[in-house]
Amino acid sequence: MANMETAEFETDLSLFKYDNLEQLPPRYRDLEENERTERIEAALAELGDDVVILGHNYQRREIVEHADFIGDSYQLSKQAAEADAEYVIFGGVTFMAESADIITDDDQSVILPSMEASCPMAGMAEALQVDSAWAEITAAAPDADIIPITYMNSYADLKAFCASQGGLVCTSSNAHKAFEYAFNKGDKVLFLPDKHLGENTAHRLGMEDEIAQWDPWDPEGKDTAEVAERDIILWDGYCQVHERFRVEHIEQVREDNPDAKVIVHPECRREVVEAADKAGSTATICETIENADPGDTWAIGTEVHLTNHLQRWHPDVNVVPLCGDACMDCNAMRQIDPNYLTWVLEELACGREHNVIEVAPEEKELAGVALDRMLEI
Ligand code: 13P
Ligand code: SF4
């Protein structure tokens, strides 16, 4: 794996930032669900308070069933900060486990059962690439104080970069507050990597006319005149699971059932968010269905494991996937296979740690500043 120096941080040019991936031993590959559940429960009983399992809302059923806490990115980072277990097992993707490692104490270990759980969107803004774009962007607006904000879906080195420039981290539940924080401090925001969350947040704040696009892969997509004139610069990253949703899907749902309501994640395209009845983080989506009346119909525009959980958890509500069978699961989240969970727990019960996420010390401190700023807004 290539290592390159940025101005201040060392960056791995790879989606798979952690190259100490340990594969599942063959004896764990074909476990039956009943046997696996018994073994997970036995290992957990032996480990007691030494272990806490955090599960993102997009995890498979066989993972969330064993989680002590299930939630969105923001809730899980709060839970990680409050956890006092020696081992935090993270049912999520690399950037979430990195954040947990940054937030937890040094004597706690964060374990990501499979190291292959890497969010492609996080890989769309490498610190190295952002560092060189930063030079161009700041040169385009030399008199402006630009504050970088990175979505939680980014690696620790980019979080550290944002902190070093006075910026912070946000999740989909607090992006508007992060923008307000930044505009109290400076003149312009550079938002990375998700252009759709950035655009939806600009609309929420009534600043849609202030958007400048920055496509680092396309020389035509870097308009320095726009950057000089406008206050919100959006990096050209996206989530393919959420980009799939279209206004036609919402129209179809309403044609099939005129009483149906639609809720989507703010990683969806602007026109989809505008056409939906509601938009919000995965926790907001969960709360909306929890508070629905029996017999209500809600179409959900997000990752399909969550839609399936909501169907199971609330059988009296009619929960439907917004684009039917075309709704995607997240390939990165899916990598957390329950057989891996069994393996890491049984090994821990024998005193052996596998797939520990350890953020480099030089990134950890500054990335922690960016996360703390978020937890304080
Ligand atoms: P939430 O913060 O809403 O849980 O979203 C995380 C995510 O990765 C959405 O794709
Ligand atoms: Fe990343 Fe999209 Fe998966 Fe969320 S759903 S973890 S943004 S790939």
Has segment 234-244 got at least one residue that is closer than 30 Å to residue 142 by Cα and aliphatic (A, V, I, L, M)?
yes
Can you tell me which condition residue 238 does not meet? The list is (1) over 28 Å from residue 65 (Cβ atoms); (2) within 16 Å of ligand 2 (Cβ to nearest atom); (3) out of contact with any strand residue (DSSP E or B) (no Cβ under 9 Å at 6 or more places or on another chain), and all the others hold.
(3)
Filter segment 320-373 down to the residues that are closer than 30 Å to residue 260 by Cα and more than 21 Å from the chain's Cα centre (by Cα) and list them by number.
320, 323, 324, 325, 326
Considering only residues that are farther than 28 Å from residue 195 by Cβ and in contact with a strand residue (DSSP E or B) (Cβ under 8 Å, 6 or more places away or on another chain), look in segment 294-306 and name the one that is farthest from ligand 1 (Cβ to nearest atom).
295
Can you list residue pairs whose Cβ atoms sit under 7 Å apart, with the first residue in segment 238-263 being within 13 Å of residue 277 (Cβ to Cβ) and the second being of a type in the set (Lys, Arg) and more than 16 Å from ligand 2 (Cβ to nearest atom)? Count only pairs 6 or more apart in sequence or on different chains.
260/254; 263/278
Any chance residue 264 is β-branched (Val, Ile, Thr), away from ligand 2 (no atom under 16 Å from the Cβ) and within 27 Å of residue 119 (Cα to Cα):
no
Pair list, Cβ < 7 Å and 6+ apart or interchain, from segment 76-103 residues that are over 17 Å from residue 59 (Cβ atoms) to residues that are assigned to a helix (DSSP H, G or I) and of a type in the set (Lys, Arg):
102/364
From 194, 231, 187, grab the single residue that is over 23 Å from the mean Cα position of the chain (by Cα) and buried (at least 16 other Cβ atoms within 10 Å of the Cβ).
231
Hand me the list of helices (runs of 4 or more DSSP H) wholly inside segment 30-142 holding 3 or more residues that are within 13 Å of ligand 1 (Cβ to nearest atom), on the phi > 0 side of the Ramachandran plot and at pLDDT 95 or above.
none
Condition first: at negative phi and away from ligand 2 (no atom under 16 Å from the Cβ). Can you find one or more residues in segment 300-309 that meet it?
no
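Here is a yes/no grid of residues against (1) crowded, with 20+ Cβ neighbours inside 10 Å; (2) part of a helix (DSSP H, G or I); (3) away from ligand 1 (no atom under 15 Å from the Cβ):
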| residue | (1), (2), (3) |
| --- | --- |
| 273 | yes, yes, no |
| 283 | no, yes, no |
| 292 | no, no, yes |
| 308 | no, yes, yes |
| 311 | no, yes, yes |
| 316 | no, no, yes |
| 329 | no, no, no |
| 332 | yes, yes, no |
| 336 | yes, no, no |
Kindly establish whether residue 178 is buried (at least 17 other Cβ atoms within 10 Å of the Cβ) and at pLDDT below 95.
no
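The values are calculated or read from the model by the stated rules, or taken from the named source; none is laboratory data. Note that the coordinates shown come from a computational prediction; the quantities given were computed from them, not determined experimentally. Cβ: placed from backbone, ideal geometry, glycine included. Neighbour counts: every protein chain shown.
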